[in-house]
Amino acid sequence: MLSADDWGAVWLTLKLASTVTVLLLLLGTPVAWWLARTRSRARSVVGAIVALPLVLPPSVLGFYLLVAMGPNGPLGQLTQWLGLGLLPFTFPGLVIGSLLYSMPFVVQPLQNAFEAIGPRPLEVAATLRASPLDTFFSVVLPLARPGFITAATLGFAHTVGEFGVVMMIGGNIPQQTRVVSVQIYGHVEAIEYAQAHWLSGGMLVISFIALLLLYRFNPPRRTL
């Protein structure tokens, strides 16, 4: 029912989604914390940049990333100077594109969670002479746990379902850049609907289970 290429696409998709989710939590947490706490005028600009993938067509984002990572682009020239080669049509290139495309799905839930904490717990921690780092890890992270669960779930699920960005940056190279969404597209083009049904159904089940677990074990808070 599923060929070796299908299983390879599934494995590559899970690998990509896991890598991107971990990196997004590491990179998105300080960004979300800054957006939640700052009073800088740059807050609206940074927030708009983070949210841009929500409204920008994936093909547009993929195109400009492809240009930037190409041989004449700034990122491409940097990676060549570092001896890393070019990033388009490679797994690291997919990771970078997915990081940017899924960024708002991680940053915004974290920002909302940080803003919901309010200033009172931080003030109490300060009166106990806790350092900012201790306050963040001992107070903020436990209180923001639902936000982290939501961010990780949405970031992982959104990366799994990407198509336009990964198609533009990664193309369709088996075992290297061909993720499940691209594999499904290939089956449909070849009129191989049975294989497309199996992969699409699997994606549907995985997405539904992820959201079901999110709403079951991390329900939204209700205010009275």
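The values are calculated or read from the model by the stated rules, or taken from the named source; none is laboratory data. Remember, predicted model here, so these are calculated numbers, not experimental data. Here the Cβ positions follow ideal geometry from the backbone for every residue, glycine too, while neighbour counts run over all protein chains shown. To get the accessible areas, we keep the full protein, side chains included, count just its heavy atoms, and leave off ligands, DNA and RNA. Shrake-Rupley method; radii C 1.70, N 1.55, O 1.52, S 1.80 Å.
Have a look at V20, V46, V55 and point out the one that is of a type in the set (A, V, I, L, M, F, W, C) and under 15 Å from the mean Cα position of the chain (by Cα). Can you show your working first?
Values: V46 fails: under 15 Å from the mean Cα position of the chain (by Cα); V55 fails: under 15 Å from the mean Cα position of the chain (by Cα).
Of V20, V46, V55, the one residue that is of a type in the set (A, V, I, L, M, F, W, C) and under 15 Å from the mean Cα position of the chain (by Cα) is V20.
Residues of region 138-155 being surrounded by fewer than 16 Cβ atoms within 10 Å (Cβ to Cβ) and either touching a strand residue (DSSP E or B) at 6+ places or on another chain (Cβ under 7 Å) or closer than 20 Å to T21 by Cβ (or both), which ones?
Across region 138-155, the qualifying residues are L141, R145.
Tell me, which helices (runs of 4 or more DSSP H) lie completely within region 6-98 with 1 or more residues that are open to solvent by 40 Å² or more (accessible area, probe 1.4 Å) and farther than 22 Å from G170 by Cβ? First the steps, then the outcome.
Details: elements: 43-51, 58-69, 74-81.
Correct list: 43-51, 74-81.
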